[in-house]
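Read the structure below first, then the notes.
Derivation of every value follows stated rules applied to the coordinates shown; laboratory data play no part. What you see is a predicted model, and the numbers here were worked out from it, not measured in a lab. Cβ placement follows ideal geometry from the backbone for every residue including glycine, while neighbour counts extend to all protein chains displayed.
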Amino acid sequence: MQGKTAIIVDDGIATGMTMLAAIKEVKTRSPRKTVVAVPVASQDASEKMKQEVDDFVVLSVPEFSFGAIGEYYENFRQVSDEEVIEILKDP
């Protein structure tokens with residue numbers, strides 16, 4: 001990843017602690033640019049991310065406070081390994 005753009009993607013950021021750990025690890029590999037892209041993030045986490053990466057892409061920053069990303073989604077069910085394998089097989 002040295003000299004390349006590293007894009008870190010997640011299903012959302014509530015507190016930001018896990019994403020900050022991922023960013024720290026990625027930065028040890030000397031990327032040219034670090035980008036975080038998520039569909040949803042808390043206001044606090046959004047501010048943290050903007051300070052830590054070159055680009056922060058987020059689709060929604062709700063005004064309400066949430067403790068877990070699952071609270072934001074209407075359906076946040078677990079996806080089985082088998083489902084993922086089938087999706088990856090589909091061209």
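A compact table of results
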quantity	calculated
Within region 48-91, tally of residues that are farther than 24 Å from Val35 by Cβ and hydroxyl-bearing (Ser, Thr, Tyr)	2
Looking only at region 1-58, and only at residues there that are in contact with a helix residue (DSSP H, G or I) (Cβ under 8 Å, 6 or more places away or on another chain) and among the charged types (D, E, K, R), the one that is nearest to Phe76 (Cα to Cα)	Asp11
Residues being surrounded by 10 or more Cβ atoms within 10 Å (Cβ to Cβ) and either closer than 16 Å to Ala41 by Cα or touching a Pro at 6+ places or on another chain (Cβ under 7 Å) (or both) - total across region 71-85	4
